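Below is one structure, written out as structure tokens; the observations come after it.
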Amino acid sequence: MSGRGGSTYFRKLTITNFRNYSALSVDLEPVVIVLTGDNGAGKTNLLEAVSLFMPGRGLRRASYGEMAREGATCNFALHARLDGSAGIVDIGTGVSIGGSLSDGARKVRINGAPARSAEAMLEWLRVMWLTPAMDALFTGPASDRRRFLDRLVLAIDASHGQRALAYEKAMRGRNRLLADNSRNNAWFDAIETQMAETGVAIAAARVELVRLLAGMIERLPGDGLFPQADIGLSGALEMEIGARPAVEVEEKFRNALATGRERDRAAGRTLDGPHRSDLVVRHRPKAMPAELCSTGEQKALLVGIMLSHARLTGEMSGMTPILLLDEIAAHLDAGRRAALFSILDDLKCQAFMTGTDATLFSSLTGRAQFLTVNHGTISPTDNP
Ligand SMILES: Nc1ncnc2c1ncn2[C@@H]1O[C@H](COP(=O)(O)OP(=O)(O)OP(=O)(O)O)[C@@H](O)[C@H]1O
């Protein structure tokens, strides 16, 4: 299996000592998966397990210590059997309890062989998510939007994660020099050169994502159920990309960092750079900034962005993402639910949707797999 081409589906998921699951193995069909169950049953935990088949700390951004099942004395482990258009692949990931629980501690095996890093999973699949916590995306801190934006970029540009890590590492080094009152110009120069290179690459990748995604958003149905968003970026580097050659933007950023040393020393951190940029979203039909729209309107905008991005990812990477849509049905009216289900059909993606009430999904009967979650166990839903 080359790992590229068409949709990818989870066919089997095995979870060991993760959150409220001690040992679970579930066979999955290559269709929409509807997970219903009472509050606290383990629905979001299961989505979180699936989200760990992307690099990073998953949809809650929790620590691995929090993910490990309370009281468990051995590793948490997740295993997926995936079916892509070119065949089957087995991916395992987990951490050992008692060992280091730092970000790098998560191990990945692909078809039994250790992978160099979690990024290797991007050869095989994409997982994207929409959770209730993201309802505050437009009104909350810019850092949340930046993280969201960078996840969107990573789905179409697998090297974006390494780029962001390299930039952050260099910036931490610069901040340390500032804090230590260092005046070692050679050190500053070396670090700032690295920040300029990686920073401009990050900004350029974001600009490209926004350009491509805006094109996809144009293809959303014009019925306004998931309204078209106007998306843009704020940030000095992002504004300059496209207006002048990248080497000039890089040089200008490097100079800005060099001349800003004393200002940044006083501030205690680096004040310029792509770590300060923001994703700007407007509700086009209402001609209004997203943050001023109603909660429901913001949700509909976000769903439109995610669905457009799923289509873009499918076209760009050849892998339509697995979508994790936590508690989405309860927040949408009947018309929007029907529109969502129809777009998911069209995308042919395996979306995992959760809710406490299976009746909200009844129109999916015959074209979805219905599972009931109960205290860390899973069984087929009776009469969905
Ligand atoms: N590390 C852990 N070990 C054991 N149990 C945990 C751990 N972390 C969380 N839990 C438990 O997992 C349970 C299920 O949580 P989850 O968020 O998946 O529920 P849910 O089915 O999505 O519920 P809701 O409908 O309320 O959102 C909670 O009762 C929580 O206490």
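How many of the residues in region 308-344 are of a type in the set (Val, Ile, Thr) and closer than 20 Å to Asn45 by Cα? Full working, then the answer.
In the first step, residues of region 308-344 are kept if they are of a type in the set (Val, Ile, Thr); the result is 313, 320, 322, 328, 343.
Pick out the ones that are also closer than 20 Å to Asn45 by Cα and you get 322, 328.
Total meeting the criteria: 2.
Suppose we filter Leu47, Leu78 for residues that are in a strand (DSSP E or B), surrounded by 18 or more Cβ atoms within 10 Å (Cβ to Cβ), aliphatic (A, V, I, L, M) and within 16 Å of the ligand (Cβ to nearest atom); which single one remains?
Leu78
Residues that are within 14 Å of the ligand (Cβ to nearest atom), in a loop (DSSP other than H, G, I, E, B) and surrounded by 18 or more Cβ atoms within 10 Å (Cβ to Cβ): does region 27-34 have at least one?
Checked region 27-34: no residue is within 14 Å of the ligand (Cβ to nearest atom), in a loop (DSSP other than H, G, I, E, B) and surrounded by 18 or more Cβ atoms within 10 Å (Cβ to Cβ).
Has region 17-24 got any residue that is surrounded by 15 or more Cβ atoms within 10 Å (Cβ to Cβ), within 21 Å of the chain's Cα centre (by Cα) and within 16 Å of the ligand (Cβ to nearest atom)?
Here is the first cut: in region 17-24, the ones surrounded by 15 or more Cβ atoms within 10 Å (Cβ to Cβ) are 17-21, 24.
When the remaining residues are screened for being within 21 Å of the chain's Cα centre (by Cα), the result is 18-19.
Filter once more, keeping what is within 16 Å of the ligand (Cβ to nearest atom): 18-19.
Within region 17-24 (the criterion being surrounded by 15 or more Cβ atoms within 10 Å (Cβ to Cβ), within 21 Å of the chain's Cα centre (by Cα) and within 16 Å of the ligand (Cβ to nearest atom)), the answer is yes, since at least one residue qualifies.
In region 207-223, is there at least one residue being in contact with a Phe, Trp or Tyr (Cβ under 8 Å, 6 or more places away or on another chain) and either crowded, with 19+ Cβ neighbours inside 10 Å or at pLDDT below 95 (or both)?
Our first condition is that a residue be in contact with a Phe, Trp or Tyr (Cβ under 8 Å, 6 or more places away or on another chain); within region 207-223, this holds for 220.
So of that shortlist, the ones also either crowded, with 19+ Cβ neighbours inside 10 Å or at pLDDT below 95 (or both) come out as 220.
Scanning region 207-223 turns up at least one residue that is in contact with a Phe, Trp or Tyr (Cβ under 8 Å, 6 or more places away or on another chain) and either crowded, with 19+ Cβ neighbours inside 10 Å or at pLDDT below 95 (or both).
Taking Leu47 as meeting all but one of (1) modelled with pLDDT of 95 or more; (2) more than 18 Å from Thr354 (Cβ to Cβ), write down the number of the exception.
(2)
Spot the failing condition for Arg265; the list is (1) under 30 Å from Asn175 (Cβ atoms); (2) free of Cβ contacts under 8 Å to residues at least 60 places away in the same chain; (3) buried (at least 16 other Cβ atoms within 10 Å of the Cβ), and only one is missed.
(2)
Checking the structure you have, find out if any residue of region 196-205 is in a helix (DSSP H, G or I), under 22 Å from Ser317 (Cβ atoms) and under 17 Å from the mean Cα position of the chain (by Cα).
yes
For region 61-75, enumerate the residues that are among the charged types (D, E, K, R), surrounded by fewer than 16 Cβ atoms within 10 Å (Cβ to Cβ), near the ligand (Cβ under 10 Å from one of its atoms) and under 29 Å from Tyr9 (Cβ atoms).
At the first step, the residues of region 61-75 found to be among the charged types (D, E, K, R) are 61, 66, 69-70.
Remaining after also requiring surrounded by fewer than 16 Cβ atoms within 10 Å (Cβ to Cβ): 61, 66, 70.
Okay, now just the ones that are also near the ligand (Cβ under 10 Å from one of its atoms), so 66, 70.
Matches in region 61-75: Glu66 only.
Is it the case, given these coordinates, that Leu271 is surrounded by 14 or more Cβ atoms within 10 Å (Cβ to Cβ) and in contact (Cβ under 8 Å) with a residue 24 or more places away in the chain? Please lay out each step first, then the result.
Working: surrounded by 14 or more Cβ atoms within 10 Å (Cβ to Cβ): yes; in contact (Cβ under 8 Å) with a residue 24 or more places away in the chain: no.
It is false that Leu271 is surrounded by 14 or more Cβ atoms within 10 Å (Cβ to Cβ) and in contact (Cβ under 8 Å) with a residue 24 or more places away in the chain.
Give region 36-50 a look and list any residue that's within 10 Å of Leu24 (Cβ to Cβ) and of a type in the set (Gly, Ala, Ser), or say none.
Result: Gly42, Ala49.
Looking at (1) within 16 Å of the ligand (Cβ to nearest atom); (2) at pLDDT 95 or above; (3) loosely packed, with under 13 Cβ neighbours inside 10 Å, which one does Pro380 not meet, given that it meets all the others?
All conditions are met except number (1).
The values are calculated or read from the model by the stated rules, or taken from the named source; none is laboratory data. None of these values were measured; they are calculated from a predicted model. Cβ coordinates were reconstructed from backbone atoms using ideal geometry, including for glycine residues, and neighbour counts include every protein chain displayed.
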